[in-house]
Amino acid sequence: MEMIRMANVYMDEGNYENAFILYSKFITLFVEKLPQHPCYREALPMDKANIKRKLNDVFPRAEKLKLHLKDRYAKEHDKFLVEKRQRDEQLARDRQRREEEEEERRKRLEKEPGRREQHTKIQAELDKWTSIEGYDRPVRLDGDLFDWPTDGGQTVQVQLPSDGVVPLVPSRQLKPDVETPSDRLYTTIGGIPSIDRSKKPSSILSPGSNAAQSWSTLRNVTVPAILMSKFLSLALKNTERNVETCGILTGKLAQNRFTITHLLVPKQMGTSDS
């Protein structure tokens with residue numbers, strides 16, 4: 001059956017997730033769904049026996065794949081936890097370092113009474129600036145030098161003025177939308193129609209939405225360079241009589257790519273448009 005053939009192709013390519021999905025679909029179809037069909041009792045015993053043989057072959061494959069995938073996912077999860085713990089530890093070290101630097105800076109300010117008032121003024125402005133929704137708090141580097149966040153996610157070093165007043169710059173996210181000529185055009189003609197592609201039915205052979213994102217519903221096709229000239233040569237007589245010639249491309253699927261291996265030109269009768 002085509003479903004089993006496709007699953008075997010995925011197995012040979014090492015795409016175990018898609019292979020397991022197809023094996024599971026086959027089992028669900030012939031174990032749970034098909035026996036409930038009203039015409040199932042009328043099926044030939046030979047066909048039922050053939051399905052049973054295939055199920056006896058598919059079940060152990062699916063079970064073996066299930067264990068393999070569970071083991072692989074467990075290892076990936078353990079690796080993720082290790083990396084997450086390392087990131088958390090690094091963030092904790094960075095936070096501790098910033099706190100130590102802030103404490104050291106505070107101690108230096110206490111030794112300089114002339115700058116204490118300016119520091120208090122700057123801190124009050126920073127607290128007011130941070131309380132505004134949509135803003136990130138600047139990070140003090142040294143003295144009056146800050147890493148100032150920007151809308152693009154970057155930071156720039158800013159030296160505050162001597163009066164300690166922090167300028168408040170509105171975020172670009174708060175900028176009101178301005179209607180453009182194209183917006184007015186779309187409004188006039190009724191807007192751009194929206195299409196919900198999630199409601200499009202998928203093929204029973206499709207791995208499904210849970211498969212790897214790198215696998216597209218459209219596959220690449222590899223065609224031999226000589227195929228076009230061969231077909232044009234075979235169709236030359238019909239072309240001279242303004243008669244269409246149809247051919248059938250056949251090949252194999254490997255690595256998510258169709259490779260054309262044969263061109264079949266059956267006996268046919270045609271016209272200029274069919």
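The values are calculated or read from the model by the stated rules, or taken from the named source; none is laboratory data. Small disclaimer: the values here were computed from a predicted structure and weren't measured. When we count neighbours, we look across all protein chains shown, and the Cβ atoms used for this are built from the backbone with ideal geometry, even at glycine. Side chains are part of the model used for accessible areas, which takes the heavy atoms of the whole protein and leaves out ligands, DNA and RNA. Shrake-Rupley method; radii C 1.70, N 1.55, O 1.52, S 1.80 Å.
Tell me which residues, restricted to segment 248-260, are surrounded by 12 or more Cβ atoms within 10 Å (Cβ to Cβ) and among the β-branched types (Val, Ile, Thr).
Thr259, Ile260
Write out, first by first residue and then by second, each pair whose Cβ atoms fall under 7 Å of each other, whose residues are 6+ apart or on separate chains, and whose first residue, in segment 223-247, is within 14 Å of Ile260 (Cβ to Cβ) while the second is open to solvent by 80 Å² or more (accessible area, probe 1.4 Å).
Here the result reads Gly247/Leu264, each pair linking segment 223-247 to a residue that is open to solvent by 80 Å² or more (accessible area, probe 1.4 Å).
Wholly within segment 215-274, which strands (runs of 3 or more DSSP E) include no fewer than the required count, namely at least 2 residues that are touching a helix residue (DSSP H, G or I) at 6+ places or on another chain (Cβ under 8 Å) and closer than 23 Å to Gly14 by Cα?
Working: elements: 220-222, 248-254, 257-264.
Filter on segment 215-274 gives 248-254.
Within segment 13-26, how many residues turn out to be in contact (Cβ under 8 Å) with a residue 12 or more places away in the chain and surrounded by fewer than 16 Cβ atoms within 10 Å (Cβ to Cβ)?
First, pick out the residues of segment 13-26 that are in contact (Cβ under 8 Å) with a residue 12 or more places away in the chain: 13, 15-26.
Checking the rest, the ones that are also surrounded by fewer than 16 Cβ atoms within 10 Å (Cβ to Cβ) come to 13.
Residues meeting the conditions: 1.
Exactly one of (1) within 32 Å of the chain's Cα centre (by Cα); (2) surrounded by 13 or more Cβ atoms within 10 Å (Cβ to Cβ) is unmet by Val31. Its number?
(1)
Among the residues of segment 34-53, which ones are part of a helix (DSSP H, G or I) and either over 38 Å from the mean Cα position of the chain (by Cα) or crowded, with 16+ Cβ neighbours inside 10 Å (or both)? Before you say what the answer is, go through the steps one by one.
If we filter segment 34-53 for residues that are part of a helix (DSSP H, G or I), which is where we start, we get 34-36, 40-42, 45-53.
Of everything in segment 34-53, those that are part of a helix (DSSP H, G or I) and either over 38 Å from the mean Cα position of the chain (by Cα) or crowded, with 16+ Cβ neighbours inside 10 Å (or both) turn out to be Tyr40, Arg41, Glu42, Pro45, Met46, Asp47, Lys48, Ala49, Asn50, Ile51.
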